[in-house]
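*Asks:* So that we are looking at the same thing, I have put the structure below in structure tokens.
Quick note: the coordinates plus some simple rules give every number you see, no bench work behind them. Predicted model, so just to flag it, every value in this text is computed and none were measured. Counting neighbours? That spans all protein chains shown, and the Cβs are built from the backbone with ideal geometry, glycine included.
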């Protein structure tokens, strides 16, 4: 009752949908697939009789599951919370909710808890899986409880931030971008502050409580801070309380600012009002290009007037990664997780944020048109499919040009400093640009395939996130097993097939085709081969395979969009003769 009727309705209606049960079963199944893959990569087909080896494997699984679940929660909680409120704004139904007798508390907390219900269900569904790991040994029930508790508290804090941004900002792209960048910046600021004041100082320890990853690392290894303790106690209470305090603070701000920010003042444009003196309607006219779609994307404020702040926030993230790379170079730090240099890790982190922002820009370019009912107006014009798709892609790349160029400038700097050869620079830069086009096309494809904006945004950003998360997990397991490609392929076969099935379901949701099916099942295999080749020191082969795989997938999404545009959008037209 504290959250109001919005949350009550969600609790009653969610179990009526099939996807609610499919999501729970799929998540638990994915954990078991990951468990099988890790077991095969660690032991292979050998028969294990030593209890110590089994306990070490249980501890490895607990580390892997806990970090993966925390990363998933921190990514999807703000995404779900922000997209739910943003959809209400795009459809202009939030104004109707504000006209009811709902309290601010009921509206803010109801939307937040309703959006976080899938996240809470998945955390609860993972509890029996963690309990099975406990049977293997190497961990305690206390560690399992604190791991689930910290994930839930971190998800509540991250979701509260996404909800706050969604109630504050008007445009969907701004909401998604600020949610992602704000979360990354927050963790970066906390880590920088801890490094400046010292991790051992009282202020440093207090600031460290705001970083959930630090808390999870202590849960995974409680003896790290209790070297002389006879029995380790898990020091996670302060981290959980810090997450709950952050959630309470952001929700309080959202509750008091709800009716200050909404309805937005941009709903009425004073420039289009009638002048009281002359009685003439004031209007500004501008020359429109031959392609009106790309003209709108570039020459108008289609995604808000304050997009510059998103780029400034990204510049701050880039600055944090540059400082990390410089500090690691001065200290002579080792490779991160034994896989990649600190400079390479900084580029990968910045590049991943860039690709997520490009993808968010692309998918919201379609969903905002659909929710604002302007897509139907475009359909009755003589705009061709090529003009529409190419115009949207051009607008996405233009609006995110700084986000694309900064990682390339970082690569150029590493090459100038001798950290990278010019040959490898061409490979990495070409691959990054190809992935950028892939991310843009994937966002447009999701916007065309899903009629519901939240589903389109979730599938598009979720596909990007799972692709890179799967790459990271594969690299970790390969390094842990230290084996060759031929020995690794059978053990990772189930994991790769599971990823292929998920990718196939996302790409072929509305308009299946043989090309998309082939892309869905080939892309994970080629990606796994590229990971193995990278760890073995290959360069040209990795670039060729990645270019072929992601280039073909991009074309498989692009060609139907520009040739079967009517079918993709549910429209049929007659030939114009």
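*Asks:* Would you calculate the volume per residue, in Å³, of the smallest convex hull containing every Cα atom of segment 499-546?
*Replies:* Values: hull volume 2.8 nm³, N = 48.
Considering the Cα atoms of segment 499-546, their hull volume per residue is 58 Å³.
*Asks:* State, to one decimal in nm, how far the label point of residue 422 lies from the label point of residue 547, with both points 7 Å from Cα in the Cβ direction.
*Replies:* Label at residue 422, label at residue 547, 1.8 nm between them.
*Asks:* Rounded to the nearest 0.05, what FRET efficiency is calculated for residue 398 and residue 323 with R0 set to 45 Å and r the Cβ-Cβ distance? Could you put the intermediate results ahead of the total?
*Replies:* Numbers: r = 29 Å, r/R0 = 0.64.
In this case the efficiency is close to 0.95.
*Asks:* Past the 24 angstrom mark, what percentage of all C-alpha to C-alpha distances in segment 5-265 do you count?
*Replies:* Numbers: 18501 of 33930 pairs.
That tail contains 55 percent of the Cα-Cα pairs.
*Asks:* By counting other Cβ atoms within 10 Å of each Cβ, how are 510, 392 ranked from fewest to most?
*Replies:* Ordered by Cβ neighbours within 10 Å, fewest first: 510, 392.
*Asks:* Mean separation of Cα pairs under 8 Å and 6+ residues apart, divided by the residue count of segment 5-265: what relative contact order is that in percent? Write down the numbers at each step before the final one.
*Replies:* Details: 289 pairs, mean separation 66.9, N = 261.
Answer for segment 5-265 is 26 percent.
*Asks:* So, in nm, how far is label residue 316 from label residue 14 when the simple model puts each one 7 Å beyond its Cα toward the Cβ?
*Replies:* That separation, rounded to one decimal, is 3.2 nm.
*Asks:* While we're here: Calculate the FRET efficiency for residue 223 and residue 374 from the Cβ-Cβ distance with a Förster distance of 45 Å, rounded to the nearest 0.05. Kindly include the intermediate steps, with their values, before the conclusion.
*Replies:* On the way: r = 59 Å, r/R0 = 1.31.
Efficiency at R0 = 45 Å is approximately 0.15.
*Asks:* How big is the C-alpha Rg of segment 292-568 next to the rule-of-thumb value 2.2 N^0.38 Å, as a ratio?
*Replies:* Details: Rg = 19.5 Å, N = 277, 2.2 N^0.38 = 18.6 Å.
Here the answer is 1.05, to two decimals.
*Asks:* Residue 295 versus residue 241, label points 7 Å from Cα toward the beta carbon: distance in nm?
*Replies:* 6.2 nm
*Asks:* What is segment 376-449 by shape, rounded, prolate or oblate, if you read a ≥ b ≥ c off the alpha carbon gyration tensor as root eigenvalues and call it rounded for a/c under 1.5, prolate for a/b larger than b/c, and oblate otherwise?
*Replies:* Numbers: a/c = 3.86, a/b = 3.14, b/c = 1.23.
Cα axes put segment 376-449 in the prolate bin.
*Asks:* For residue 331 and residue 135, what is the calculated FRET efficiency with R₀ set at 41 Å and r taken between the beta-carbons, to the nearest 0.05? Mind dumping the intermediate values first?
*Replies:* Numbers: r = 41 Å, r/R0 = 1.01.
After rounding to 0.05, the efficiency reads 0.50.
*Asks:* So how much slack lies between residue 93 and residue 205, counting 0.36 nm per residue of separation and subtracting their Cα-Cα distance, in nm?
*Replies:* Working: separation 112, 0.36 × 112 = 40.32 nm, distance 4.43 nm.
Extra length available between residue 93 and residue 205 comes to 35.9 nm.
*Asks:* Taking the highest mean first, how do the peptides 548-556, 454-462 order by number of other beta carbon atoms within 10 angstrom per residue?
*Replies:* Numbers: 548-556: 18.1, 454-462: 22.2.
Going from most to least packed, we get 454-462, 548-556.
*Asks:* What is the gain in length, in nm to one decimal, between residue 103 and residue 563 on full extension, counting 0.36 nm per residue of separation less the C-alpha to C-alpha distance?
*Replies:* 160.7 nm
*Asks:* Averaging sequence separations of C-alpha pairs under 8 Å and six or more residues apart, then dividing by the length of segment 287-419, give the relative contact order as a whole percent.
*Replies:* Working: 71 pairs, mean separation 50.9, N = 133.
Reported as a whole number, the value is 38 percent.
*Asks:* I've got another one for you. If each residue's Cβ is checked for other Cβ atoms within 10 Å, how do 416, 543, 261 rank with the fewest at the top?
*Replies:* By the 10 Å Cβ count, ascending, the order reads 416, 261, 543.
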